[in-house]
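Data block below; observations after.
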Amino acid sequence: MSFDRRQFNQASLGLGTVAAAAPAISRAQTRALKVGVLLPRSGVQAFIGQSCQMGADIAPEIVKQLNGVDIQLMNADTESNVEVARSRAEKLINDGAQILVGPFDSGAAIAIAQVAEQRKVPFVVNIAAAPQITEQGYKYTFRNFPTSVDLIRNGLALYRDLFQATNAAPRTAVFMHVNDTFGQANRKAIEAILPRLDYLPFKVLDTISYDPAARDLSVEVAKAKATKADFIMLVSRLNDAILLVRELVKQRWSPQAIMSPGSPGMYEAQFYKALGKYSDYCISNVPWYDPKGALTDRVEKAFNKAFPKDKLMYHALNVGFTFEAILIAADAFKRAGSADGTAIADALRKTDIAERMMLGGPIRFDAKGQNTTLASACIQNRDGKPVVVLPKASAQAAPVYPVPDWSKRG
Amino acid sequence: MSVDAVLNIVLSGLLTGLVYGLMALGLSVIYGVVRIVNFAHGELMAVAMYAAVVAFATAGIDPLWMLLPVAGVFFGLGYALQRGLINPFIHRPEHAQFMLLMAVALILVNGLLVVFGPDALSVQVDYSLDSYALGPIIIDKVRVICASVALVACAALFAIFRFTAFGKAIRACADNLLGAEVVGLNVKHLYAVTFGLGTACVGIAGCLLSMLGDVTPNSGPAFTLLAFVIVIIGGLGSMVGALAGGVLIGMSEAVAGLLITPSAKSMLSFALLIAVLALRPQGLFGRSS
Amino acid sequence: MKLVDLFQDWLTQSPARSRNALLALLAVLLVLPLGLDRYLTSILILVLYFAFVGQAWNIMMGFCGQLSLGHALYVGLGAYTSAALFHHFGVIPWLGAIVAIGVCVGVASLIGWLAFRFGISGTYFALLTIAFAEFTRIGFDHFGWVGGSGGFFLKVVQQDQSDWLNLRGGPTMFYYLALALAVLGFVVSALVLHGRAGYFFRAIRDNEEAARAAGVDTFRYKMIAVQLSAGLTALAGVFFAFFYNNLFPEQIFNMGRSIEIILAPIIGGVGTLFGPVLGAAVLTLLSEGLTHVLAATGHEIPGVKQILYGVALAVVIMFMPHGIWPRIAARFGFERQARPKTDASEQDHA
């Protein structure tokens, strides 16, 4: 085959253009960030892990719209087991994951953080409250979730706001908590913080801790009832929260409210399904998405499209924080301009994302990799739905305190 | 703490204990005769609970109506399990028996996970949250019903063993295996019947417990452990012992919850177990072998 | 039997095949991490860990017939003891390990004394071990000095070099540590098996009453078996603590852990020397393999892997009751020919 001159010139022009464009194309091709998603999709935390996975699944599309970054998800199941979490993290990195996201559980988070530090791969924690995760001096671990101390501090501040908003002044409380990693961390935080808060004048009459695997909370509730406290401060998980409320109804004790200073359970779908009208008016002070935010709206639309039979409000934290973790990863990747772990980690340290989904200031990390600007909202159950009642600016309804007696529930 | 608070707690513990006792009964019967330690006991109970939940969710059947059908199905299940899978293992070393049943348990737990997912499920009938009030004492209605059924089931089982022909034959196998074989009893069949009866008890207990609490695929192992603690304390092979053990554990856990922190109340059960094993290994009502 | 005698016995009595195979294996294991990536190294660490702890358990069960279903107790106690000493007092893990062994031997002695004095054996003994493990688990849940149920975290200092003194370092360092432990377990098991104590253990295992009648001090030797087993397992606990750097009572004393520990020796072959090692390798590879296959075929439904696991277990138990190793050993001619077998009880393969 022979070219004549013109064809040759045109061809070389074309080739030149292609050659000039090639770096851009190859750069564009390497713009897909491989995100290793570690979540407990089986084992005791399976329900929550699967819930978080929903957030991961809808993230890539939205992230692409927001900042043009392509995300390739690499999902791994930690099986609610710390050792499995560690070896899955190693495997993901082996298979090319450039950043890790997850894992919901504090124990797994610490194990993965170690791997991340050794392999120099950044790790963005979606949900895990143990303070130790960001106290190890690691340079590659970042957490976009409050520590249990911050969680409690924010939660107790909301107690004050709630009492002010409803002109209530309860004098006594009984503190009930599940005796596991999470419950203990919260208890320590409460015992440290509560005495120092002069704006909360109530006294904790008794602290009752119970086994997370308990099938029967009758003794615990009887003990709580005997204190005749004004309200219950509850740090629980889902199943025990359900058992507790049922037991309260059976033993015919209606405290002024059941309020969590920061724990899961009472705002989850299963809670409403299981308890029906008795689930109403329970209060959880937890991080939440901004119900009036634009990004929330976007995420909700994507969620409804992907999971038409479900509602975002029942997965608020799980989906919200997992989504934000991937958003943070993409944002750092874009600013770093490379997939090198150390470069991304440095970029992560300088993160400043104003447009976010969860309540709080812009996403920023301090020197330890901890985001300290997260806020909690006061979520009260109404008509089988979690409703933001405080802070006023984001409220969807006015708070109710004290709450109606069990027998008066519609 | 006031007297009626304490009374409430102890009474609740008693009622709960009776249901625990029924759960342990099946285990005791099986071990007493077949001498197999059924490590899949709790998992079978979880299956029964799921059965009750499914029946209620799909057809609205109150678990109390499900008692007999479930008992029947589980009888068959137990019979088949023993005859088909476990029989060759009776004379094998204990760790082999244990591993086989462990494998069965593993398959059951994860089968439940695959089929039902990880959510906690339970049966909430109309009267689930009702309670009777006798003065300052408040008794949970469902608990009373379950305790009563447990007692009836125990009585029925006792009657079977005492008054029916095959009941006597089973007791013969337990007392003197060689002699039983010599007089021509079909031991294999009788063992399977016993396993079936024990499993039927588990089925009934499962239906009852589905009303008292939740079931998740991981509920099995905790039940297995509880059943063992009760049975050892009461005496392996003694039916009265299983009930008594259940009541003892139920009440002691209640009291422990009162006196020390409730999250540690299981420690008392294990301490009791250790004490019984050390001082009276055959259990409170067991026969010393 | 002294180490020297054992070595001599090994040189003269065991068939050349098995010697060479063992040496080859050791050589491979020594150089392997240099060529492997970190993921595979971490898998091997798991294999070696389970091989070690399985051998420790095997001493009690395989050689002496005492079924322990609560072995996680010793792993946990060893882990917490050494971790607490390191964290609160700066005691290096090597010294901490000695204390850990002491603690575990002490607890094992208590359990042994309680059980053997009253003649508790078989199922009851197994349940006793479970009770102790559960009791300790709940106890540690409330033990604030080591974090309670909130977990105990060791401070991790990132270094690229291996700090053998404080056991801080990368997977390669832990690999060699795990290998050393596995070798230790193997040597101790061999010493026990071929030694005088081993004869008494096996006599007790096969027929305790006959052994007692023949004059064997069954109480003493059962205690030794339990203590030795617990002491070795303590080391596994120390390893665990410094490798993972976080301890939770719910996880480390969990009954599931106890079961994990015994799976490998039972699959590999209870009472054999190499069984636990083979079992550990097979199980870990099976587990990882299943995960890969399921992911590749798209059947990533949670729980399916464990079901297949359970089926595999049931199959092995039903059709290969003595474990996989005896068959393989026979096929490859690794068995010793010297000793005449007079009874039908389990053979002891080298």
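Residue by residue, here is whether (1) within 7 Å of another protein chain (Cβ to nearest Cβ); (2) modelled with pLDDT of 80 or more holds:
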position	(1), (2)
C:Arg137	no, yes
C:Asp141	yes, yes
C:Gly150	yes, no
C:Val156	yes, no
C:Asp163	no, no
C:Leu167	no, yes
C:Thr172	no, yes
C:Tyr175	no, yes
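Scanning the range A:321-358 for residues that are surrounded by fewer than 24 Cβ atoms within 10 Å (Cβ to Cβ) and in a loop (DSSP other than H, G, I, E, B) returns A:Gly337, A:Ser338, A:Ala339, A:Asp340, A:Lys350, A:Thr351, A:Asp352, A:Ala354, A:Glu355, A:Arg356. B:Ala150 meets all of the listed conditions (1) without any contact (Cβ under 8 Å) to a residue 60 or more places away in the chain; (2) closer than 30 Å to A:Trp253 by Cα but one, namely (1). What about B:Glu94, is it more than 24 Å from B:Leu18 (Cα to Cα), buried (at least 17 other Cβ atoms within 10 Å of the Cβ), among the acidic types (Asp, Glu) and more than 14 Å from chain A (Cβ to nearest Cβ)? So B:Glu94 passes the test. When B:Gly42 is tested against (1) farther than 29 Å from C:Phe319 by Cβ; (2) within 14 Å of chain A (Cβ to nearest Cβ); (3) surrounded by 17 or more Cβ atoms within 10 Å (Cβ to Cβ), only condition (1) is not met.
Of all the residues in the range A:50-78, those that are among the small types (Gly, Ala, Ser), closer than 20 Å to A:Met357 by Cβ and either touching a Ser or Thr at 6+ places or on another chain (Cβ under 8 Å) or not in a helix (DSSP H, G or I) (or both) number 4. Part of a helix (DSSP H, G or I), at the interface with another protein chain (Cβ under 9 Å from one of its Cβ atoms) and more than 24 Å from B:Leu177 (Cα to Cα): does that describe B:Val104? Considered against the rule, which asks whether it is part of a helix (DSSP H, G or I), at the interface with another protein chain (Cβ under 9 Å from one of its Cβ atoms) and more than 24 Å from B:Leu177 (Cα to Cα), B:Val104 comes out as yes. Kindly indicate whether any position in the range A:172-179 is assigned to a helix (DSSP H, G or I) and modelled with pLDDT under 90. No, every residue in the range A:172-179 fails to be assigned to a helix (DSSP H, G or I) and modelled with pLDDT under 90.
Cβ separations smaller than 7 Å between residues 6+ apart or across chains give the following pairs from the range A:300-318 residues that are part of a loop (DSSP other than H, G, I, E, B) to residues that are surrounded by 19 or more Cβ atoms within 10 Å (Cβ to Cβ): A:Phe307/A:Met54.
Quick one: count up the residues across the range B:58-79 that are part of a helix (DSSP H, G or I) and free of Cβ contacts under 8 Å to residues at least 40 places away in the same chain.
Number of matching residues: 5.
Rundown of residues vs (1) assigned to a loop (DSSP other than H, G, I, E, B); (2) touching a Leu at 6+ places or on another chain (Cβ under 8 Å); (3) surrounded by fewer than 24 Cβ atoms within 10 Å (Cβ to Cβ), yes/no style:
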{"position": "A:Gly96", "(1), (2), (3)": "yes, no, yes"}
{"position": "A:Leu100", "(1), (2), (3)": "no, yes, no"}
{"position": "A:Ala129", "(1), (2), (3)": "yes, yes, no"}
{"position": "A:Gln136", "(1), (2), (3)": "yes, no, yes"}
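Here A:Ala224 meets each of (1) at pLDDT 90 or above; (2) more than 11 Å from chain B (Cβ to nearest Cβ); (3) surrounded by 22 or more Cβ atoms within 10 Å (Cβ to Cβ); (4) under 27 Å from C:Gly148 (Cα atoms) with one exception, condition (2).
Here is the figure for the range B:235-260: residues that are part of a loop (DSSP other than H, G, I, E, B) and either crowded, with 20+ Cβ neighbours inside 10 Å or in contact with a Cys (Cβ under 8 Å, 6 or more places away or on another chain) (or both) total 4. Evaluating A:Met74 against the criteria (1) within 14 Å of chain C (Cβ to nearest Cβ); (2) surrounded by 24 or more Cβ atoms within 10 Å (Cβ to Cβ); (3) touching a helix residue (DSSP H, G or I) at 6+ places or on another chain (Cβ under 7 Å); (4) at pLDDT 90 or above leaves one unmet condition, (2).
Residues of the range A:102-120 that are crowded, with 23+ Cβ neighbours inside 10 Å, within 11 Å of chain C (Cβ to nearest Cβ) and assigned to a loop (DSSP other than H, G, I, E, B): A:Asp105 alone.
Applying the condition of being among the aliphatic types (A, V, I, L, M) and either within 11 Å of chain A (Cβ to nearest Cβ) or part of a loop (DSSP other than H, G, I, E, B) (or both) to the range B:179-210 and asking which residue is nearest to the chain's Cα centre (by Cα) yields B:Leu209. Every listed requirement among (1) within 11 Å of chain A (Cβ to nearest Cβ); (2) without any contact (Cβ under 8 Å) to a residue 24 or more places away in the chain is met by B:Arg280 save one, (1). The set of residues from the range B:115-140 being surrounded by 16 or more Cβ atoms within 10 Å (Cβ to Cβ) and not in a loop (DSSP other than H, G, I, E, B) comprises B:Phe116, B:Leu121, B:Ser131, B:Ile138, B:Ile139, B:Asp140. Please tell me if B:Phe195 is touching a helix residue (DSSP H, G or I) at 6+ places or on another chain (Cβ under 8 Å) and without any contact (Cβ under 8 Å) to a residue 60 or more places away in the chain. So B:Phe195 fails the test.
The values are calculated or read from the model by the stated rules, or taken from the named source; none is laboratory data. As the structure is a computational prediction, the values presented were derived from the model and not from experiment. So basically every Cβ, Gly included, is an ideal-geometry build from the backbone, and we count neighbours across all protein chains shown.
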